[in-house]
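To keep things clear, I will list the structure first and then write my remarks on it.
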Amino acid sequence: MSLESAALARVKPSATLAADQKGRELKAMGRDIISLAAGEPDFDTPDNIKDAAIRAIRDGKTKYTNVDGIPELKEAIVGKFARENGLTYKTSQVNVSPGGKPVIYNAMVSTLNPGDEVVIPAPYWVSYPDMVRLAGGTPVPVLTTAAAGFKMKPEQLEAAITPRTRWLLLNSPSNPSGAAYAKAELRALADVLLRHPHVWVLTDDMYEHLIFGDFDYWTIAQVEPELYDRTLTMNGVSKAYAMTGWRIGYAAGPEPLIRLMGKVMSQTTSNPCSISQWAAVEALNGPQDFIKPNARLFEERRDLVVSMLNQARGIHCPTPEGAFYVYPSVEGLIGRTAPSGKVIGSDADFAVELLESQGVSVVFGAAFGLSPFFRISYATSNAVLEDACARIQRFCAAVR
Ligand code: PLP
């Protein structure tokens, strides 16, 4: 008998974590490796947030809290949605979890029955389909194209919806493509959803603050208030406030769903770390002035990476609207021969050969459900990015 359950056997380990791990191992063996695989900001948590956590420890805020979040953090989240998204929620409509990941998983496990479908535009964040599978549901990927800016068209959504569709999982700006839906594009998707009242929407707005140029950020419940009663608007402090290790994510939505998610937590994780919750209160209520300059910094890095990758033979790199990823195509390299003498048959082969030959670790597109592409996380210094992109150019030049 297998130790692994049938449900877990249907799940793949996270490809992004695996690629990052492989890079770390090679580095530990003394190889000169640049890892562009992990998705976390390279700057430190701001001091005011750290100080709030230290105060919380000294004040003895070190005990169990309400399972789905302290009232003070829920108030701060209500304030954030009102201030930044024009969305009105009560604290009873808010869930705080140990990271954005569990918010999504708890929503899925609370609501999915075997055979229930979840529509997921591809390329998607690696964890979505596996969280759906683990929760007993069936992921239904909708393949977008680089030509359409990696965005799902309304007719594609319409075609993907069946009587078994439970959720649409939206992510804007997207991990891995950086694509963000403009208001009019969300409007068109909302029009489809209005025709299918049994479909709920989970919008993962984790990269909301990493938006470039004059892009005007909207979230779907704000665009179409009629969807408010079946939308879970999810966000977190991990990316915007450089708090990936603190493990705080949150969401707001209809009370019955929020109660179910709390029920799951009551029998699994219990509350998110009390100290991190107090730090998150400060993150949301404290100064926000570093967010915009930070986004400008990421925009410069995006421009550097897009320009250098487009100079690599066989690679085409679209310009994303947000997040800190690019998702270039390697179509021009497929079927060609790498410096090792091996034929590049897929984006996975490309990633392996690039790592072997130039020591650059990236994540192959198949992990995100759309090939032949790869993802680069550019949340690192210009010097490292220039070095990495120059290595990619050298690799491409050596491909025959
Ligand atoms: N959603 C997206 C799109 C992400 O890229 C990530 C992290 O990489 C998360 C959610 C999860 O965030 P957290 O680290 O808070 O669990």
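The values are calculated or read from the model by the stated rules, or taken from the named source; none is laboratory data. Predicted, not measured: the structure shown is a model, and the values here were computed from it. So basically every Cβ, Gly included, is an ideal-geometry build from the backbone, and we count neighbours across all protein chains shown. In case anyone asks, the SASA skips ligands and DNA or RNA and just uses the protein heavy atoms, side chains included. Shrake-Rupley method; radii C 1.70, N 1.55, O 1.52, S 1.80 Å.
Against the criterion of solvent-accessible heavy-atom surface with a 1.4 angstrom probe, V384, V326 sort, most first, into V384, V326.
Its Cα centre serving as origin, the stretch 254-400 has a Cβ charge dipole (Lys and Arg +1, Asp and Glu -1) of approximately 260 debye. Just the protein heavy atoms count here, and of the accessible area of the stretch 1-62 at 1.4 Å, carbon and sulfur take up 56 percent. The angle separating the long axis of helix 71-85 from the principal Cα axis of greatest extent in the chain is about 60 degrees.
For the stretch 201-315, the share of DSSP beta bridges that are antiparallel, to the nearest 5, is 50%. Here's the list of lysines a cross-link from K90 could span, going by alpha-carbon distance under 16 Å and ignoring same-chain residues fewer than 8 apart: K74, K80.
Helix 347-358 and the long axis of the chain differ in direction by around 60°, with both axes built from C-alpha atoms. Estimate the FRET efficiency between A82 and S357 by the formula 1/(1 + (r/R0)^6), using the beta-carbon distance for r and 60 Å for R0, to the nearest 0.05. Working from the Cβ atoms, E equals 0.70.
Ligands, DNA and RNA left out, the 1.4 Å accessible surface of the stretch 143-214 is 60% carbon and sulfur atoms. With respect to the chain, whose longest principal axis is taken over its alpha-carbon atoms, helix 382-398 is tilted by about 40°. Structural descriptor for the stretch 276-400: relative contact order 27 percent, calculated from alpha carbon pairs under 8 angstrom and at least 6 residues apart. Residues in the chain average 41 Å² of solvent-accessible surface per residue, probe 1.4 Å, ligands and nucleic acids excluded.
Provide, for q = 0.07, 0.10, 0.12 Å⁻¹, the log10 of I(q)/I(0) from a solvent-free Debye sum over equal Cα point scatterers in the chain. Log-scaled intensity ratios, in q order: -0.32, -0.67, -0.97.
This model, with +1 at the C-beta of Lys and Arg and -1 at the C-beta of Asp and Glu, gives the stretch 48-155 a dipole about its Cα centre of some 400 debye. How many percent of the accessible area of the stretch 100-140 is carbon or sulfur, using a 1.4 Å probe? Carbon plus sulfur share of accessible area: 55 percent. Among beta bridges from DSSP that stay inside the chain, the antiparallel ones total about 45%.
Model label sites at S381 and E331, defined 7 Å from Cα along the beta-carbon direction, differ in position by 3.7 nm. When each of the peptides 350-360, 386-396 is scored by the mean number of other C-beta atoms lying within 10 Å of its residues, the order from highest to lowest reads 350-360, 386-396.
Classified by the C-alpha gyration tensor, the stretch 164-268 has an oblate form. Its axis ratio a/c, with a ≥ b ≥ c, is 1.5 or above, and a/b does not exceed b/c.
Relative contact order, whole percent, for the chain stands at 22, derived from Cα pairs under 8 Å and 6 or more residues apart. Only helices enter the 222 nm calculation for the chain: every DSSP H run of n ≥ 4 contributes -39,500 (n - 2.57), and dividing by all residues gives -12500 deg cm²/dmol, rounded to 500. Near R55, within a Cβ-to-Cβ distance under 11 Å, what is the net charge of the other residues, with Lys and Arg +1 and Asp and Glu -1? Result for the neighbourhood of R55: 0. Applying 1/(1 + (r/R0)^6) with r as the Cβ-Cβ distance of L194 and R296 and R0 = 35 angstrom yields a FRET efficiency of 0.40. With one equal scatterer per alpha carbon and no solvent term, the Debye-computed log10 I(q)/I(0) for the stretch 222-377 at 0.17, 0.21 1/Å reads -1.06, -1.24. Applying 0.36 nm per residue to the separation of L8 and S266 and subtracting their alpha-carbon distance, the gain on full extension is 90.7 nm.
Site pair R394 and I57 shows an inter-label distance of 4.3 nm when each label is modelled 7 Å from Cα along Cα→Cβ. Across the options F298, L260, S274, the greatest Cα extent toward the positive end of the charge dipole of the stretch 249-314 (unit charges at beta carbon of Lys, Arg, Asp, Glu) belongs to L260.
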